[in-house]
Amino acid sequence: MTSELTSFSHGGIAVVAGASGGIGSALVRLIEASGRFDAVEGLARSRSPAFDLEDEESIAAAAARIGAMGPMRLFVDATGLLSDARMQPEKALRQIDPAAMERSFRVNAIGPALMIKHFAPLFPREGKSVFATLSAKVGSIGDNRLGGWISYRASKAALNQIVRTASIELARRQPDLVLLALHPGTVDTGLSRPFARTGLTVRTPDAAAHLLLAVIDAAGREESGAFLSHDGERLPW
């Protein structure tokens with residue numbers, strides 16, 4: 001499975017944040033296979049130099065390093081935090097923990113906002129370029145009919161607003177830059193595996209990455225700031 005990414009000019013740099021994760025590593029492989037870019041750089045906390053969403057200095061340092069390599073055409077943020085050994089998604093209001101909620105916002109909203117802050121200047125003024133970040137359908141306020149997962153839902157809703165707001169500002173000086181919030185669906189990764197319900201379509205990371213790159217490839221400037229599903233459908237805010 002490959003994606004040609006034919007809407008991008010040949011050359012430039014592609015970057016994947018969260019490159020050590022399931023979707024992130026699949027994105028790196030598929031983008032490299034496209035042969036569209038001069039280089040594909042993967043960023044992750046586990047790599048050297050470390051890329052830490054909760055450390056703005058590491059984000060700024062990565063941007064400076066990649067900016068010296070040449071113009072950036074594609075940046076895909078495949079990071080995200082739903083649960084780990086320190087926190088689990090809330091099932092009820094009584095389970096809200098301020099520290100866990102703050103951490104969810106630091107990783108799912110503030111981290112991507114800082115990536116936009118430091119990496120957006122690396123995109124060229126002309127020619128298609130894309131900054132895409134993985135959001136989640138559960139971040140849709142209009143689609144929320146089940147409740148629960150309060151911190152994760154709220155942090156992804158905040159992420160969607162950040163993408164929308166940034167798209168308006170950046171269009172003034174980089175009119176061909178497309179910013180996207182993308183819902184990857186349920187993917188067989190460590191993030192969603194513990195919460196996948198029977199009856200849901202669960203995709204492999206490679207299949208999910210292929211669909212996401214197809215949406216990125218098809219998106220034009222009129223989609224900048226949009227919240228899109230893995231099949232290209234616009235999702236309600």
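The values are calculated or read from the model by the stated rules, or taken from the named source; none is laboratory data. What you see is a predicted model; the values in this text were computed from it and never measured. Positions of Cβ are backbone-derived with ideal geometry, glycine not excepted, and every protein chain shown enters the neighbour counts. Ligands, DNA and RNA are stripped out before the accessible areas are found, and what is left, the full protein with its side chains, is counted by its heavy atoms. Shrake-Rupley method; radii C 1.70, N 1.55, O 1.52, S 1.80 Å.
Consider segment 53-70 and keep the residues that are crowded, with 16+ Cβ neighbours inside 10 Å and in contact with a helix residue (DSSP H, G or I) (Cβ under 6 Å, 6 or more places away or on another chain). The one that is nearest to residue 100 (Cα to Cα) is 53. Restricting segment 167-182 to residues that are more than 14 Å from the chain's Cα centre (by Cα) and open to solvent by less than 20 Å² (accessible area, probe 1.4 Å), the residue that is nearest to residue 153 (Cα to Cα) is 167. Taken over segment 1-18, the criterion of being in contact with a Leu (Cβ under 6 Å, 6 or more places away or on another chain) and surrounded by 22 or more Cβ atoms within 10 Å (Cβ to Cβ) is satisfied by 14, 16, 17. None of 234, 145, 164 is of a type in the set (Lys, Arg) and in contact with a helix residue (DSSP H, G or I) (Cβ under 9 Å, 6 or more places away or on another chain) except 234. Answer yes or no: is there a residue in segment 23-33 that is more than 25 Å from residue 203 (Cα to Cα), open to solvent by 20 Å² or more (accessible area, probe 1.4 Å) and touching a residue at least 12 places away in the same chain (Cβ under 8 Å). Checked against the condition, which is being more than 25 Å from residue 203 (Cα to Cα), open to solvent by 20 Å² or more (accessible area, probe 1.4 Å) and touching a residue at least 12 places away in the same chain (Cβ under 8 Å), segment 23-33 yields no hits at all. Look at segment 132-148: where a residue is free of Cβ contacts under 8 Å to residues at least 24 places away in the same chain and a partner is of a type in the set (Ser, Thr, Tyr) and open to solvent by less than 40 Å² (accessible area, probe 1.4 Å), sitting 6+ places away or on another chain with Cβ atoms under 7 Å, you get 138/152.
Looking at segment 185-194, is at least one residue in contact with a His (Cβ under 6 Å, 6 or more places away or on another chain) and either at pLDDT below 95 or closer than 26 Å to residue 67 by Cβ (or both)? Scanning segment 185-194 turns up at least one residue that is in contact with a His (Cβ under 6 Å, 6 or more places away or on another chain) and either at pLDDT below 95 or closer than 26 Å to residue 67 by Cβ (or both).
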